1. Extending each Cα 7 Å along its Cβ direction at Leu58 and Leu43, get the distance between those two points in nm, one decimal.
2. Over the stretch 3-249, what is the relative contact order in whole percent, taking alpha-carbon pairs under 8 Å and six or more residues apart?
3. How would you order 179-189, 70-80 from highest to lowest mean count of nearby Cβ atoms within 10 Å?
4. Once the cut-off is 13 Å, how many percent of the Cα-Cα pairs in the stretch 131-194 end up in the long-distance tail?
5. How much length would be gained if the chain were fully extended between Ile189 and Thr102, taking 0.36 nm per residue of separation minus their Cα-Cα distance, in nm to one decimal?
6. Given 0.36 nm per residue, what is the gain on full extension from Ala130 to Thr146 after removing their alpha carbon distance, in nm?
7. Just grab the label-to-label distance for Leu110 and Trp231, each label 7 Å out from Cα along the Cβ direction, in nm (one decimal).
Amino acid sequence: MSSNLSRKSSSDTLLPVEGGPSSLRSVEVWGLAIRLFHLLLILAIIGMWYTAEVGAGLDFPMVWHARLGYCVIGLVVFRVIWGLVGTGNARFSRFLASPRTTWRYAGDFLAGRAPRHAGHNPLGGWMTLAMLLVLAIQGSSGLFLTDDLLFEGPLHDRVSASVAEGLAWVHHTNITLLWGLIALHLMAIVWHGLRGEWLIWAMVHGRKHFRRNQSVAGENAPAPPSRPRKWLALGLAIGIAIVVIWQGAQLP
C-alpha cells in the first residue's frame with residue numbers, strides 16, 4: 001500500500017469487524033450541502049411527477065408543477081456553482097474523468113474488477129453531469145410553456161408560437177430521457193449494493209466504509225479552501241438558488 005494511503009486523514013474512523021482482527025475505516029465523502037441538495041432534488045422530482053400525472057388534492061396542479069420546476073432550476077444552479085467552487089468530492093474536477101479513463105473504467109466495472117472510489121467513479125461522474133444537463137433542459141424549457149387554460153410560463157410571450165411549440169416538444173420528450181437516467185442511476189445503486197458499497201447510506205450520513213487495507217481512488221483529497229472562501233462560495237450558491245426559487249413562489 002502506498003505511503004499516502006497509509007496516512008489516515010482526521011475524518012477517518014476505524015470500525016471493528018465482528019469475528020476478526022481486521023477493521024473498516026469510515027471515510028467522509030459527502031458534505032451536508034450535497035446531501036441536502038440530493039434530498040431536495042429527489043423530493044422536487046417526485047412532486048413534479050405527481051403534479052403532472054396525478055394532481056389529486058391540488059386546486060391548480062400545473063401552477064404547483066411550475067413552482068417545483070423553479071425549485072429544480074434553483075437546485076441545479078446551486079449544484080453547478082458548488083461543483084465549480086465548492087469543496088472535496090463535490091467539485092467537478094474531482095470526478096469528471098477523460099473519455100479514455102472512463103472507457104477503461106467501464107470495462108473494469110463490467111468485469112467486476114473496478115477500483116472503489118471515495119466520491120463518484122468516472123461513470124457516476126458523467127452520469128451526474130448528464131442528469132444536471134437534462135434537468136436544466138427540462139426546467140428551462142418549461143419557462144416557455146402554456147397549458148392554454150390556467151398557466152403560462154413567464155417567458156412564453158418572449159418567443160414566437162413556433163419556437164414555443166418546439167420547446168414544448170423538447171419538454172415532453174426530454175422527460176423520457178430523464179426517466180431513463182433515473183432508471184440507470186437506480187440500477188447502478190443496486191449493482192454497487194450487491195458489491196457491498198451502500199451508496200444510499202453514504203448519501204444519507206455522508207460516509208463510506210472501506211477495508212483498512214483497501215486501495216480507494218480519490219481518498220486523499222487536496223487541501224480544502226480556507227474557511228472564509230468556503231463560506232463565501234456556499235453563500236453565493238445558496239443565494240442564487242434562493243432567488244430562482246423565490247421567483248417561482250411568486251406565481252399566482
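Read-outs throughout are calculated quantities, based only on the coordinates presented, and are distinct from any laboratory measurement. Predicted model only: the values in this text are computed from it and were never measured. Cβ atoms come from the backbone with ideal geometry, glycine included; neighbour counts cover every protein chain shown.
1. It works out to 1.5 nm between the two label points.
2. Taking the mean separation of contacting Cα pairs over the length of the stretch 3-249, I get 32 percent.
3. 70-80, 179-189
4. Cα-Cα pairs in the stretch 131-194 separated by more than 13 Å: 66 percent.
5. Gain on stretching Ile189 to Thr102: 29.5 nm.
6. My answer for the length gained is 3.1 nm.
7. 5.0 nm
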